[in-house]
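The structure appears below as structure tokens.
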Amino acid sequence: MIDIQIFNLMKASFLNPEKLSSARSLSKKKIIVYLFILSFITAIPTWIQGNKLIDDFKRDGQKIAEQLPSFKIEQDKLKTEEKTESFIYQTDSIIFTFDPTGEQTPEDVKKNTIGTTIGLALLKDGFYLSAPGYPGNIPYSRMNGLTDTFFKDIVLGMERVNRLIYIFSFVLIWLVSFLIVVIYNLLYTVFANLVATFSRRSLRFSDNWKIVLFASTLPTVFFALLNSFQLTPYLQLEASLVITTYFYYLSIKKIPKEQIIKK
């Protein structure tokens with residue numbers, strides 16, 4: 001169960017940000033717990049999109065496997081049993097190129113790959129993969145003896161993806177999200193320190209860190225909800241920074257200012 005103090009602060013982050021200054025009294029253990037809560041929320045959109053990509057890849061891969069003619073890789077070349085024309089098969093997630101005649105090049109495959117689609121190409125002289133941030137070319141000298149059956153088995157094997165894979169992927173995304181939340185919170189805290197300095201509130205960095213963590217809850221949840229529906233607003237990070245800093249300012253307004261002693 002969520003600690004009552006964490007629950008009250010989380011509720012205040014939505015309804016009454018003026019009360020968030022009480023987060024200063026939280027222990028490190030509770031702060032770590034809340035970091036995991038926020039990172040869990042931010043992990044959900046990425047996990048949803050990742051699962052959709054896997055499901056699309058399984059469905060589209062099956063369609064491609066059905067279109068794949070009989071072939072064998074030998075003497076470092078792609079050879080078909082019967083005379084086969086080159087073709088490009090495009091789905092929502094994959095652009096597949098089968099080119100035993102040498103009409104296409106890796107550069108052509110890369111140009112055809114749009115957005116987040118994945119380009120797979122069995123070219124005359126090599127296998128080419130074009131994925132966002134990961135282009136790769138594998139020469140057939142490493143693949144001699146492989147046939148269409150091998151590739152079909154790989155694609156159709158995606159249908160047997162174990163549920164444990166989905167659980168493992170979420171845990172991995174959760175841990176990465178934890179790191180991202182920590183980095184963002186450091187950024188927000190730097191700005192919070194500036195606000196505290198200009199408003200003459202004497203607050204330690206660790207106190208600001210705790211307040212900012214809860215002040216960032218509303219934008220974190222809001223944008224996670226939008227991202228779950230594949231909506232990514234422009235300047236999302238900047239908007240989160242502004243909202244978090246404003247909520248932080250509201251939370252410290254009642255803290256007494258430092259007294260300036262005039263000489």
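The values are calculated or read from the model by the stated rules, or taken from the named source; none is laboratory data. Computed from a predicted model, the values in this text were never measured in an experiment. Backbone-built Cβ (ideal geometry, glycine too); neighbour counts: all protein chains shown. When the accessible area is computed, the model is the full protein with side chains, heavy atoms only, and any ligands, DNA or RNA have been set aside. Shrake-Rupley method; radii C 1.70, N 1.55, O 1.52, S 1.80 Å.
Under a Cβ-Cβ cut-off of 15 Å, what is the net charge of the residues other than N8 that fall near it, where Lys and Arg count +1 and Asp and Glu count -1?
It works out to a net charge of +3.
If amide H atoms are built 1.01 Å from N in the plane of the peptide, which residues on other chains or at least 5 residues away come under 5 Å of the amide H of T101?
The answer is S86.
Can you pull the percent of the chain's accessible area that's carbon plus sulfur, 1.4 Å probe, other chains left in place?
Reported share for carbon and sulfur atoms: 62 percent.
Accessible area per residue of the range 196-254 at 1.4 Å probe, in Å²?
54 Å²
Whole-Hz ³J(HN,Hα) for each residue in the range 7-16, computed from phi via Karplus 6.51 cos²θ - 1.76 cosθ + 1.60 with θ = phi - 60°, x for glycine and proline: what do you get?
Per-residue couplings from phi come out as 4, 5, 5, 5, 5, 5, 5, 9, 10, 8 Hz.
With Cβ to Cβ distances under 11 Å as the rule, what net charge do the other residues near D76 carry (K, R +1; D, E -1)?
Once all neighbours under 11 Å are counted, the net charge is +2.
Ordering I94, I138 by accessible area with a probe of 1.4 Å, largest first, what comes out?
Ranking I94, I138 by accessible area, largest first, yields I138, I94.
Within the range 179-216, which residues have the backbone N less than 16 Å from the label spot 7 Å out from L250 along Cα→beta-carbon, could you tell me?
211-216
How do W174, W209 rank by accessible surface area computed with a 1.4 Å probe, from largest to smallest?
The ordering from most to least exposed comes out as W174, W209.
Rg/Rh for the range 202-263: what does it come to with C-alpha atoms and Rh from Kirkwood?
Ratio of gyration radius to Kirkwood radius for the range 202-263: 1.17.
Which of the residue pairs K52/K79; K58/K83; K52/K83; K30/K52 have a Cα-Cα distance greater than 32 Å in the structure shown?
K52/K79; K52/K83; K30/K52
Quick query: amide H of A131 versus all other amide H atoms, modeled in the peptide plane; which residues come in under 5 Å with a sequence gap of 5 or more or a different chain?
Under 5 Å from the amide H of A131: G119, G136.
Only sites in a loop by DSSP and with at most 14 other Cβ atoms within 10 Å count here; which trypsin sites (Lys or Arg not before Pro) in the range 4-102 make the cut?
K83
Taking only Cα atoms, what is the 0 to 90° angle, nearest 10, from helix 217-228's long axis to the longest principal axis of the chain?
Value to nearest ten degrees: 20.
How many angstrom separate the Cα center of the range 40-75 from the Cα center of the range 189-255?
Centre-to-centre distance over Cα atoms comes out at 38 Å.
The list (1) 0.99; (2) 0.93; (3) 1.20 gives values of Rg/Rh (Cα atoms, Kirkwood Rh), and only one came from this structure; which label was calculated from it?
So the calculated entry is the one marked (3).
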